[in-house]
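The values are calculated or read from the model by the stated rules, or taken from the named source; none is laboratory data. Note that the coordinates shown come from a computational prediction; the quantities given were computed from them, not determined experimentally. Cβ placement follows ideal geometry from the backbone for every residue including glycine, while neighbour counts extend to all protein chains displayed. The accessibility values were calculated without ligands, DNA or RNA, using every heavy atom of the protein model including side chains. Shrake-Rupley method; radii C 1.70, N 1.55, O 1.52, S 1.80 Å.
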Amino acid sequence: MNRISRFRMLIALVVAAIALAPLVLGNFSVSLLNDIGIGTLVALGLVLLTGVGGATSFGQAAFVGIAAYSTAWLTTAHGMSPWIGLAFALALTGLSALAIGMLTLRLGGHFLPLSTIAWGLSIAMLFGNVDALGRHTGLSNIPPLSIGSFSLADARSMYYLIWLIVGLAFLFSYNLMASRPGRAIRSLRGGSILLASVGADAYKVRLSLFVLAAILAGLAGWLYAHMNRFVSPAPFDVRASIEYLLMAVAGGLGQLAGAVVGAALVLVAKNALQDVLPLLTQRAGQLEAITFAALFILLLHFARGGLMGFLRRITKGRLQAPQSADKLGEPAAPLAHRELPRRGTQILSVQGVVKRFGGLVAVNDVSFDVNAGEIVGLIGPNGAGKSTMFNLLTCTLPMSSGKVRFLERDIAGMPQRDVARLGLARTFQHVKLRPHMSLLDNVALGAHSRTRSGMLKAGLRLDREEERQILHEARRQLDRIGLGDRADELAGSLPLGTQRILEIARALAADPVLLVLDEPAAGLRRKEKMALGDLLRKLREEGVTILIVEHDMDFVMRLVDRLVVMNFGSKLVEGVPAAVRADERVQAAYLGSVA
Ligand code: ADP
Ligand code: MG
């Protein structure tokens with residue numbers, strides 16, 4: 001059996017087990033499964049937000065609470081239908097998440113998780129202190145759900161609704177991960193510069209992910225309110241948030257299925273503890289909290305990947321979801337190409353650019369131009385300021401003074417992503433790839449700014465034609481650099497030299513006007529260097545303009561049309577390779593330091 005059919009079989013088994021469970025289980029187990037389903041929704045949001053996106057939230061229960069209280073209030077105080085309560089609850093949860101996210105998601109380091117504790121605490125406190133929400137006694141007599149005249153008042157009928165919603169949430173998340181916005185989400189970890197270099201806004205990506213996780217928690221809150229028919233502040237406080245986080249960690253933050261596995265683990269364990277602890281002590285409540293804390297610590301020590309991580313290791317990935325890319329066919333039409341400027345027109349003009357790092361002047365009043373269709377080399381000894389120059393002209397770093405014009409536009413001070421969208425694609429001296437993503441996904445990331453599908457479209461699979469176009473383009477670029485047959489391997493498994501070449505494919509997937517390459521040949525063998533030279537010459541023929549930093553003089557001299565030489569931050573000489581090679585100042589600069 002191949003991987004795809006094995007995976008389908010596994011899913012079919014799980015779905016059948018869920019569908020049949022209420023027929024054989026008692027009332028208590030069905031209620032427990034209902035709680036697990038609700039916990040799964042919240043934990044799924046956390047797997048996406050924390051596991052995939054790298055932002056930890058200690059306040060997720062607050063979103064469950066906002067939704068539960070919204071629908072409770074609307075249906076009890078105003079007698080509205082729970083289905084209107086659903087729309088109201090999700091809208092309010094989404095808007096709260098948007099507001100909180102805009103206030104906190106720019107915070108770096110430990111400040112973001114700390115802030116989640118702060119708003120988690122304050123929202124739970126709010127529930128207990130507002131008269132309309134019943135203060136600490138909460139709201140009761142919440143109506144049960146019904147579909148037409150069919151009531152979902154008993155646990156068994158609720159069960160099917162809960163698990164239907166869980167199933168849909170998984171389908172949505174699974175679709176999302178294998179899409180344009182999904183790739184951006186998976187790239188969030190490891191800094192925003194890579195995303196900006198492909199024209200994406202990491203903050204916006206993180207904000208929409210935060211809202212999505214809150215909406216999943218909101219769905220859970222709505223179900224909770226109409227299942228229990230009663231809400232009070234306690235189930236939405238920070239302790240509950242930590243329990244949700246524990247679910248995600250116990251199941252495994254690395255994969256979506258960790259959410260359901262973790263919710264089951266934690267809630268079953270909690271039930272067992274509630275049965276056993278009272279036999280041992282009168283302070284069962286406190287002991288339960290301590291036991292959970294100890295479990296959390298043990299998990300972080302011994303099983304970071306959670307139960308799913310462990311399963312994955314012993315099954316060696318045989319039960320993993322296949323790359324959905326395998327199933328997508330060819331697109332009806334390839335992605336549209338940019339019109340390249342006419343050969344010889346000036347596309348980049350650097351004028352008097354200065355960059356100071358404190359007292360160090362890394363780039364000192366450098367000026368040069370680049371015309372369409374040429375390959376310009378930037379050379380100079382180590383520390384001459386070449387990489388800094390690249391960071392300035394791609395707007396990766398702000399310049400201290402000077403002007404840079406790209407395609408008739410003043411780009412100094414523009415956000416890096418906007419410059420990337422104009423058609424300036426780059427690679428990095430210190431490679432920036434996502435090692436846990438496949439080669440294909442890494443390259444597909446490059447096409448981000450040429451495509452549009454957002455999270456909703458992707459989750460509902462309305463993005464498939466565009467996704468085919470993206471993957472087709474990514475494959476084409478991979479073939480071009482000779483890695484087409486390794487598309488599904490992980491980028492982290494490549495040798496460093498090959499990773500640099502992979503970055504070129506990613507840059508090419510952006511359909512650039514100007515390609516800026518920082519030491520692309522470093523770490524390559526002779527034959528690979530020759531292949532790279534051929535590729536760059538071919539790109540020039542196609543009309544792509546290239547600016548390149550390279551240390552291998554033979555390689556550069558045979559490749560470029562023109563050279564700019566930097567030394568100690570200043571421009572030393574500019575000219576055709578033969579003239580530069582003969583220049584005494586250049587020879588002195590290279591002999592004077594170890595290049
Ligand atoms: P090159 O790429 O030509 O080898 P760089 O542009 O990396 O040179 O560095 C030029 C100078 O600027 C070096 O002296 C380097 O130490 C310094 N430099 C580069 N980046 C920074 C930074 N972020 N902060 C402080 N100094 C820096
Ligand atoms: Mg450098």
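The figures follow:
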| quantity | calculated |
| --- | --- |
| Hits in the range 471-492 (condition: under 20 Å from the mean Cα position of the chain (by Cα) and open to solvent by 20 Å² or more (accessible area, probe 1.4 Å)) | Asp488, Glu489, Leu490, Gly492 |
| Candidate set from the range 397-437 (those that are basic (Lys, Arg) and more than 22 Å from Thr345 (Cα to Cα)); member that is farthest from ligand 1 (Cβ to nearest atom) | Arg434 |
| Looking only at the range 370-389, and only at residues there that are more than 8 Å from ligand 1 (Cβ to nearest atom) and not in a loop (DSSP other than H, G, I, E, B), the one that is most open to solvent (accessible area, probe 1.4 Å) | Asn371 |
| Any chance Ser367 is near ligand 1 (Cβ under 9 Å from one of its atoms), in contact (Cβ under 8 Å) with a residue 12 or more places away in the chain and of a type in the set (S, T, N, Q) | no |
| Among the residues listed as Gly85, Gly51, the single one being surrounded by 13 or more Cβ atoms within 10 Å (Cβ to Cβ) and in contact with a helix residue (DSSP H, G or I) (Cβ under 6 Å, 6 or more places away or on another chain) | Gly85 |
| Ala582 being in contact with a helix residue (DSSP H, G or I) (Cβ under 8 Å, 6 or more places away or on another chain) and on the phi < 0 side of the Ramachandran plot | no |
| All positions within the range 213-233 that are among the hydrophobic types (A, V, I, L, M, F, W, C), open to solvent by 20 Å² or more (accessible area, probe 1.4 Å) and in a helix (DSSP H, G or I) | Ile215, Leu219, Met227 |
| Close pairs from the range 248-275: first assigned to a helix (DSSP H, G or I), partner open to solvent by less than 10 Å² (accessible area, probe 1.4 Å) and among the aromatic types (Phe, Trp, Tyr), Cβ under 7 Å, at least 6 apart | none |
| Failed condition for Thr394, given (1) more than 15 Å from ligand 1 (Cβ to nearest atom); (2) surrounded by 13 or more Cβ atoms within 10 Å (Cβ to Cβ); (3) among the polar types (S, T, N, Q) | (1) |
| Which numbered condition Arg356 fails, given (1) within 16 Å of ligand 1 (Cβ to nearest atom); (2) crowded, with 20+ Cβ neighbours inside 10 Å; (3) in a strand (DSSP E or B) | (2) |
| Count - residues of the range 571-590 that are part of a strand (DSSP E or B) and open to solvent by less than 40 Å² (accessible area, probe 1.4 Å) | 2 |
